[in-house]
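The next block holds one structure in the form of C-alpha cells; read it before the comments.
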Amino acid sequence: MDRLEGRTALVTGAALGIGLAVATRFVREGARVVLADRNGDGAHAAAGELGRNARAVTMDISDEDAVAAAFAEVEAAGWAPDVVVANAGVQLFGQDAQAADLDLDVWRRTIDINLTGTFLTVKHAVRSMLPRGGGSIILTGSPTGVNGEGKDFTAYSASKAGIHGLARTVAAAYADRGIRVNTVQPAYTETPLVAAISEDPASRAAIIGRIPLGRAGTPDDVAGIMVYLASDDGAFATGALFSVDGGMTTI
C-alpha cells in the first residue's frame, strides 16, 4: 500500500463523500494529503482523523483569491502538491430543472462552483506544478456530461460536460511539461450530495435500475481509479475519461 509514497496531494471537497474517500485512500497509499473544503471545520476534523500525513485548508473553489491563498498556504508549509483532485461540486436538487424552467440564478451558481471552480483549481494547480516539472490533475465528471441521463438537471449536466472539455484542453496544453490531466466519471454514488435520491426509495430504485451492475456506487469505488491516475501506473494516461459508473454509459 505504498503506490503514492513520496507524493503530496490536494483534494477538494474532501470533508465528506468522494473527496474524503480519496483523501483517506491516498494517505493509506503513502501520500501526504491536503484536505481542501469550504467547510474548513469539516476538513480539519477529517484531517485530524487521518493523522500526521494529512492537513486541512479552507478553500472556496468559486473564489479565485481563496484558491490562490490556499495553494500559497500549502506551498509555504512545504506541502506543494504533486497531485490535485478537483472534486468539489454541487447538485442543486429541487432547483436545477429542464431548460425552460431553470432559474438563471441556479444556472449561475452551479456553473460558478462546478465549472468555474474546477477551472480555478486547475489553473492554480498548473501554476504550482510547472516549476517542479509536472504532476497529475484529476477531475470529477459525471455521465450526465456525456449523455441525456440528467435531462432534469440542465445546469449540473452542462457543468460536467464543461469539465470533460476542460480536462482535454489542459491535458493537450501541458503534456509536454509533464502535467497529466484526466477525468473520472462516477455514476450515482451514495454520498451526502445525493441525499435527495438516496432517501427516496422510488427515486433510488429508478436510478439503480439504469445501472447494469445493479447497485449504487460507493466513494471507495471511485478512490481506486484515482490512485491509479495519481501513481506511476497511470504515467501514460492523459486527456482521458475513465468511467466508474457500473456500466451506466454503455446503454
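The values are calculated or read from the model by the stated rules, or taken from the named source; none is laboratory data. Since the structure is predicted, the reported quantities are computational estimates derived from the model, not experimental observations. FYI the Cβ positions are ideal-geometry reconstructions off the backbone, even for glycines, and counts take in every protein chain you see.
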Can you report the number of residues in region 175-227 which are among the acidic types (Asp, Glu) and either part of a helix (DSSP H, G or I) or surrounded by 14 or more Cβ atoms within 10 Å (Cβ to Cβ) (or both)?
4
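Quick one: in region 129-147, of everything that is modelled with pLDDT of 95 or more and touching a Gly at 6+ places or on another chain (Cβ under 8 Å), which residue is farthest from His164 (Cα to Cα)?
First, pick out the residues of region 129-147 that are modelled with pLDDT of 95 or more: 129-141.
Next cut, touching a Gly at 6+ places or on another chain (Cβ under 8 Å) only: 129, 133-136, 140.
Details: Met129: 21, Gly133: 24, Gly134: 20, Gly135: 19, Ser136: 16, Thr140: 9 Å.
The selected residue is Gly133.
Is it true that Leu50 is under 24 Å from Pro186 (Cβ atoms), touching a residue at least 40 places away in the same chain (Cβ under 8 Å) and over 17 Å from the mean Cα position of the chain (by Cα)?
On the way: under 24 Å from Pro186 (Cβ atoms): yes; touching a residue at least 40 places away in the same chain (Cβ under 8 Å): no; over 17 Å from the mean Cα position of the chain (by Cα): yes.
So Leu50 fails the test.
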Out of (1) modelled with pLDDT of 95 or more; (2) under 21 Å from Leu229 (Cβ atoms), the one Thr191 does not meet is (1)
Looking only at region 122-138, count how many residues are crowded, with 24+ Cβ neighbours inside 10 Å and of a type outside the set (Val, Ile, Thr).
3
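Quick check: anything in region 228-249 aromatic (Phe, Trp, Tyr), surrounded by 13 or more Cβ atoms within 10 Å (Cβ to Cβ), closer than 25 Å to Ile137 by Cα and touching a strand residue (DSSP E or B) at 6+ places or on another chain (Cβ under 6 Å)? Even if it seems obvious, please write down each step before you answer.
Restricting attention to region 228-249, the residues satisfying the condition of being aromatic (Phe, Trp, Tyr) are 228, 236, 242.
Okay, now just the ones that are also surrounded by 13 or more Cβ atoms within 10 Å (Cβ to Cβ), so 228, 242.
When the remaining residues are screened for being closer than 25 Å to Ile137 by Cα, the result is 228, 242.
Filter once more, so that each one left must be touching a strand residue (DSSP E or B) at 6+ places or on another chain (Cβ under 6 Å): 242.
Yes, region 228-249 contains a residue that is aromatic (Phe, Trp, Tyr), surrounded by 13 or more Cβ atoms within 10 Å (Cβ to Cβ), closer than 25 Å to Ile137 by Cα and touching a strand residue (DSSP E or B) at 6+ places or on another chain (Cβ under 6 Å).
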If a residue must be under 30 Å from Asp2 (Cβ atoms) and of a type in the set (S, T, N, Q), how many such residues does region 200-251 contain?
4
Picking from Gly135, Gly141, Gly117, Gly89, which residue would you name as being touching a residue at least 40 places away in the same chain (Cβ under 8 Å), farther than 22 Å from Asn39 by Cα and small (Gly, Ala, Ser)?
Gly135
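Quick check, is Ala100 over 23 Å from Gln185 (Cα atoms) and surrounded by fewer than 17 Cβ atoms within 10 Å (Cβ to Cβ)?
On the way: over 23 Å from Gln185 (Cα atoms): yes; surrounded by fewer than 17 Cβ atoms within 10 Å (Cβ to Cβ): yes.
Against the criterion (over 23 Å from Gln185 (Cα atoms) and surrounded by fewer than 17 Cβ atoms within 10 Å (Cβ to Cβ)), Ala100 qualifies.
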So which residues in region 53-66 are out of contact with any strand residue (DSSP E or B) (no Cβ under 9 Å at 6 or more places or on another chain), in a helix (DSSP H, G or I) and surrounded by 14 or more Cβ atoms within 10 Å (Cβ to Cβ)?
Glu64
I want to confirm something. Restricting to region 124-174 and keeping residues that are assigned to a helix (DSSP H, G or I) and of a type in the set (Phe, Trp, Tyr), which single residue is nearest to the chain's Cα centre (by Cα)?
Tyr156
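Output the residues belonging to region 92-123 that are assigned to a helix (DSSP H, G or I) and either at positive phi or of a type in the set (Gly, Ala, Ser) (or both).
Here is the first cut: in region 92-123, the ones assigned to a helix (DSSP H, G or I) are 99-101, 104-123.
Ala99, Ala100, Gly117 - these are the residues of region 92-123 that are assigned to a helix (DSSP H, G or I) and either at positive phi or of a type in the set (Gly, Ala, Ser) (or both).
Take region 173-222 and flag every residue that is polar (S, T, N, Q) and touching a Phe, Trp or Tyr at 6+ places or on another chain (Cβ under 9 Å).
Of region 173-222, the ones polar (S, T, N, Q) are 182-183, 185, 189, 191, 198, 203, 218.
Passing the criteria: Asn182, Thr183, Gln185, Ser198.
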